[in-house]
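Inspection log for the structure reproduced underneath, given as structure tokens.
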Amino acid sequence: MTQAELSELVKRSEFTPVAGLSAEDCVTLYYYMQLTRTFEMRLASFYRQGKMVGGVYLGTGNEATSVGATYTLEDRDILAPTHRDIGAHFVKGESLRAMALQLLGRAEGPTGGKDNGLHQGNKEINTLGMISHLGAMISVAAGAALASKIKKSGQVAIHFIGDGTSSIGDFHEGLNFASVMELPVVYIIENNQYAYSTPNSKQYACDWIAQRAHGFDMPGIVVDGTDVVEMYRVTKWAVERARRGEGPALIESQTMRMRGHSEHDSADYVPQKVMEKWEDKDPIDILKNYLRDWGVLTDVTREQIDEQIESEVEKAFEYALDAPVPEGPEAANGVYAR
Ligand SMILES: Cc1ncc(C[n+]2csc(CCOP(=O)(O)OP(=O)(O)O)c2C)c(N)n1
Ligand SMILES: [Mg+2]
């Protein structure tokens with residue numbers, strides 16, 4: 001849906017902006033979070049139907065983090081997403097069709113059907129393609145911020161990092177470099193409590209990963225990552241600070257990976273009680289309640305948005321499912337093999 005279409009649906013009520021977000025902004029955030037959930041649930045069923053192969057990593061529970069943080073960016077800014085951030089790609093301007101073609105490995109997709117993960121970047125919207133090696137993009141995001149500083153382009157970069165990824169050496173090297181060079185980059189830890197089957201208690205000994213920021217002499221802030229408004233507010237502060245030339249920041253979003261590591265994983269190692277506790281903090285439900293309590297959207301209007309999202313997602317996948325995969329010889333072009 002376009003911004004104009006969404007704005008039309010906003011209930012004309014007295015609304016005091018929260019965290020600098022207008023009523024229209026709040027509805028747009030809802031649109032992107034619900035779009036992400038709907039799109040990803042289709043992927044989950046495609047995987048079960050054998051229509052998708054390989055790893056299918058969903059961001060269920062991470063929507064407020066990736067959507068809320070990315071919503072702070074200007075068009076010129078740089079997004080370095082990770083494997084839970086389909087929502088961030090959408091906010092930055094990636095089309096549903098391109099994303100559907102990519103994830104179904106179609107020839108017309110951004111990687112020509114050579115890959116079906118979130119490894120695509122898009123120069124038009126300043127999104128960097130990630131690689132799977134955890135931690136490798138931390139220095140790449142710092143490098144993009146260094147280029148911005150040298151060119152005086154005013155661009156800020158944000159990069160998402162998993163809790164498990166924060167244990168990798170590259171994390172310390174990258175954050176140290178960013179701080180020493182006073183780079184305009186904001187690192188966001190998506191602390192979703194698990195790295196595959198490893199719980200946080202086996203990952204780090206400190207209370208918060210954000211505490212490490214002080215060792216690099218940058219701000220370290222812990223945020224309730226199930227609350228999109230909080231996520232936006234804190235990230236906005238860090239992005240504006242970085243744009244003023246005051247250097248990097250580390251934000252730790254506390255949230256939960258509500259599904260397995262990938263769709264093959266039942267996550268039966270997560271205690272039932274832990275999952276139930278987080279189910280009560282579903283980021284989309286929290287925003288729905290805000291919208292209702294603030295008088296911004298009636299439930300009926302919100303359901304209209306949901307229906308519209310269903311049809312947009314349906315259309316994108318209908319196109320992608322009909323689109324061809326790359327032909328034999330072309331499928332091997334540009335692909336490294338032993
Ligand atoms: C260097 C490296 N080691 C291991 C892996 C395999 N691997 C991929 S994702 C993942 C878990 C990452 O956990 P986290 O950083 O917390 O992100 P999450 O998946 O929980 O969002 C692992 C171990 C990898 N891709 N790269
Ligand atoms: Mg994790």
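Taking (1) surrounded by fewer than 18 Cβ atoms within 10 Å (Cβ to Cβ); (2) in a loop (DSSP other than H, G, I, E, B); (3) within 20 Å of the chain's Cα centre (by Cα) in turn, residue 41 satisfies each apart from (2).
Would you check if there is a residue in segment 133-149 being surrounded by 22 or more Cβ atoms within 10 Å (Cβ to Cβ), modelled with pLDDT of 95 or more and part of a loop (DSSP other than H, G, I, E, B)? Even if it seems obvious, please write down each step before you answer.
Start the filter on segment 133-149 by keeping residues that are surrounded by 22 or more Cβ atoms within 10 Å (Cβ to Cβ), which leaves 137-138, 141-142, 144-145, 148.
From what's left, modelled with pLDDT of 95 or more: 137-138, 141-142, 144-145, 148.
Still in the running and part of a loop (DSSP other than H, G, I, E, B): none.
Among the residues of segment 133-149, not one is surrounded by 22 or more Cβ atoms within 10 Å (Cβ to Cβ), modelled with pLDDT of 95 or more and part of a loop (DSSP other than H, G, I, E, B), which makes the answer no.
Could you go through segment 180-196 and let me know if any residue there is more than 26 Å from residue 26 (Cβ to Cβ), small (Gly, Ala, Ser) and more than 10 Å from ligand 1 (Cβ to nearest atom). No, the conditions are met nowhere in segment 180-196.
I'm trying to understand the selection: among the residues of segment 212-239, which are in contact (Cβ under 8 Å) with a residue 60 or more places away in the chain and out of contact with any Gly (no Cβ under 9 Å at 6 or more places or on another chain)? 239, the sole residue that qualifies. With respect to the stated conditions, residue 169 fails to be farther than 21 Å from residue 59 by Cα and in contact with a helix residue (DSSP H, G or I) (Cβ under 7 Å, 6 or more places away or on another chain). Within segment 49-98, restricting attention to residues that are within 16 Å of ligand 1 (Cβ to nearest atom) and on the phi > 0 side of the Ramachandran plot, the residue that is nearest to the chain's Cα centre (by Cα) is 61. Which members of segment 219-246 meet the condition of being touching an Asp or Glu at 6+ places or on another chain (Cβ under 7 Å), farther than 19 Å from residue 284 by Cα and surrounded by 22 or more Cβ atoms within 10 Å (Cβ to Cβ)? The answer is none; no residue qualifies. The residue that is nearest to residue 220 (Cα to Cα), counting only those in segment 247-288 that are of a type in the set (S, T, N, Q) and surrounded by fewer than 18 Cβ atoms within 10 Å (Cβ to Cβ), is 262. For segment 166-176, does any single residue satisfy the condition of being of a type outside the set (S, T, N, Q), surrounded by 18 or more Cβ atoms within 10 Å (Cβ to Cβ) and either touching a residue at least 60 places away in the same chain (Cβ under 8 Å) or under 23 Å from residue 321 (Cα atoms) (or both)? Within segment 166-176 (the criterion being of a type outside the set (S, T, N, Q), surrounded by 18 or more Cβ atoms within 10 Å (Cβ to Cβ) and either touching a residue at least 60 places away in the same chain (Cβ under 8 Å) or under 23 Å from residue 321 (Cα atoms) (or both)), the answer is yes, since at least one residue qualifies.
Considering only segment 47-64, I want to know if a residue exists there that is crowded, with 22+ Cβ neighbours inside 10 Å, part of a helix (DSSP H, G or I) and touching a Ser or Thr at 6+ places or on another chain (Cβ under 7 Å). Yes, there is a match, as at least one residue in segment 47-64 is crowded, with 22+ Cβ neighbours inside 10 Å, part of a helix (DSSP H, G or I) and touching a Ser or Thr at 6+ places or on another chain (Cβ under 7 Å).
Could you tell me whether residue 119 is farther than 16 Å from residue 186 by Cβ, surrounded by 21 or more Cβ atoms within 10 Å (Cβ to Cβ) and either touching a helix residue (DSSP H, G or I) at 6+ places or on another chain (Cβ under 8 Å) or not hydrophobic (A, V, I, L, M, F, W, C) (or both)? The answer is no for residue 119. The residue list 129, 109, 174 contains one member that is in a loop (DSSP other than H, G, I, E, B) and within 16 Å of ligand 1 (Cβ to nearest atom), which is 129. For segment 272-289, filtering for residues that are part of a helix (DSSP H, G or I) and either in contact with a strand residue (DSSP E or B) (Cβ under 8 Å, 6 or more places away or on another chain) or of a type in the set (Asp, Glu) (or both) leaves 3. Scanning segment 154-165 for residues that are within 12 Å of ligand 2 (Cβ to nearest atom) and not hydroxyl-bearing (Ser, Thr, Tyr), we see that the one that is surrounded by the most Cβ atoms within 10 Å (Cβ to Cβ) is 160. Among the candidates 94, 74, the residue that is farther than 20 Å from residue 165 by Cα, assigned to a loop (DSSP other than H, G, I, E, B) and touching a strand residue (DSSP E or B) at 6+ places or on another chain (Cβ under 7 Å) is uniquely 94. Of the residues 201, 148, the single one that is of a type in the set (Ser, Thr, Tyr), over 21 Å from the mean Cα position of the chain (by Cα) and away from ligand 1 (no atom under 15 Å from the Cβ) is 148.
The residue of segment 181-208 that is surrounded by the most Cβ atoms within 10 Å (Cβ to Cβ), among those that are among the hydrophobic types (A, V, I, L, M, F, W, C) and closer than 22 Å to residue 237 by Cβ, is 185.
The values are calculated or read from the model by the stated rules, or taken from the named source; none is laboratory data. Keep in mind the model is a prediction, meaning the values are calculated, not measured. With ideal geometry, Cβ positions are generated from the backbone for all residues, glycine too; neighbour counts draw on all protein chains shown.
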